[in-house]
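*Asks:* My questions will all concern the structure given below.
Bear in mind these aren't lab numbers, they're just calculated from the coordinates by the rules spelled out. Computed from a predicted structure; not experimentally measured. Quick reminder, even Gly has a Cβ in these numbers, built from the backbone with ideal geometry, and neighbours come from all protein chains shown.
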Amino acid sequence: MKKYLFTLIAFSFLVGASCQQKIDNEKEMKAHSDAQLEVWNTGNLSLYDEILSPEVVLHNADGEDLIGIEAVKGWVTSTRTGFPDVNLTFDELIIKGEYLVVRWTFTGTNTGPFADLPPTGKKVKITGTYISHVVDGKEIEVWQQYNQLAMFTQLGYTLTPPVE
């Protein structure tokens, strides 16, 4: 009987510890998503020092990787300059182990220079996703996708077919 009681207690401990790890991981991932929202919506770039690895790699939708915290901060600053009224919302969060998956919506009015282009004064609303790999409390790699054509179309740009 003692053998079964010990097994039951050990099993209960392991299940409880596993559940606690999952809760702690979800809290950590939620803290990362909250920090990302604050960075984008307020411009508080110092939060990146807390949540990004110094060697973070962000694979952006345009195919150009950003490497390091300063590169990511520069990209956020440039985007916020072009769209000072930026509003980023997270529509869905999925947590799977060391990965955080976010489906997001970005709105803003292009009243400043953006991507070496003059301001258009037009509003945009785009959606996208990012997947973040978090190790030891820091995001080490991020993959981000969004429809750039939709964004530039909303800004008033048109796609010109190539001349044959």
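*Asks:* Note down the relative contact order for the chain as a percent, whole number, built from C-alpha pairs under 8 angstrom at least six residues apart.
*Replies:* Dividing the mean separation by the residue count of the chain yields 19 percent.
*Asks:* Sticking with this one: Using a Gaussian network for the chain with springs between C-alpha atoms less than 10 Å apart, which of these wobbles most: E92, E141, E70?
*Replies:* Between E92, E141, E70, it is E92 that shows the largest mean-square fluctuation.
*Asks:* Still on this model: Would you mind pulling out the separation of the Cα centroids of the range 62-91 and the range 113-137, in Å?
*Replies:* For the range 62-91 versus the range 113-137, the Cα centre distance is 5 Å.
*Asks:* Considering only lysines 8 or more places apart in sequence, or on different chains, count the pairs in the chain whose C-alpha atoms sit under 21 Å apart.
*Replies:* Taking the chain as the scope, the lysine pair count is 10.
*Asks:* Separate question: Take S78 and D116, extend 7 Å from each Cα along the Cα→Cβ direction, and tell me the distance between the two endpoints in nm.
*Replies:* Reported label-point gap for S78 and D116 is 0.9 nm.
*Asks:* Test of understanding: what is the full-extension gain from K125 to T89, defined as 0.36 nm times their sequence separation minus their Cα-Cα distance?
*Replies:* Contour length minus the Cα-Cα distance gives 11.8 nm.
*Asks:* Would you compute, from DSSP H runs of 4+ residues alone, the mean residue ellipticity of the chain at 222 nm, taking -39500 (n - 2.57) per run and dividing by the full residue count, rounded to the nearest 500?
*Replies:* Roughly -13500 deg cm²/dmol at 222 nm, from the helical runs in the chain.
*Asks:* Can you tell me the 0 to 90 degree angle between the C-alpha axis of helix 2-42 and the longest principal axis of the chain, rounded to 10?
*Replies:* It works out to around 20 degrees.
*Asks:* Can you say what percent of the DSSP beta bridges in the chain, counting only those with both residues inside, are antiparallel? Round to 5.
*Replies:* 90
*Asks:* Ordered by residue, what ³J(HN,Hα) values in Hz, to whole numbers, does the range 73-79 give under the Karplus form 6.51 cos²θ - 1.76 cosθ + 1.60, where θ = phi - 60° and Gly and Pro are x?
*Replies:* Ordered by residue, 3J(HN,Hα) equals 4, x, 5, 4, 4, 4, 5 Hz.
*Asks:* What does the extension gain come out to for V101 and H59, with contour length at 0.36 nm per residue minus their alpha carbon separation?
*Replies:* Using 0.36 nm per residue and subtracting the Cα-Cα distance, I get 13.7 nm.
*Asks:* Roughly how large, in nm² to one decimal, is the mean projection of the convex hull of the alpha-carbon atoms in the range 2-154?
*Replies:* Seen from a random direction, the Cα hull of the range 2-154 projects 10.2 nm² on average.
*Asks:* Also, quick follow-up: So, in nm, how far is label L149 from label T109 when the simple model puts each one 7 Å beyond its Cα toward the Cβ?
*Replies:* Result: 2.9 nm between the two label points.
*Asks:* Okay, moving on. Using θ = phi - 60° and the Karplus form 6.51 cos²θ - 1.76 cosθ + 1.60, what ³J(HN,Hα) does each residue of the range 93-99 get, whole Hz, x for Gly and Pro?
*Replies:* Along the range 93-99, the couplings run 10, 10, 10, 9, x, 8, 10 Hz.
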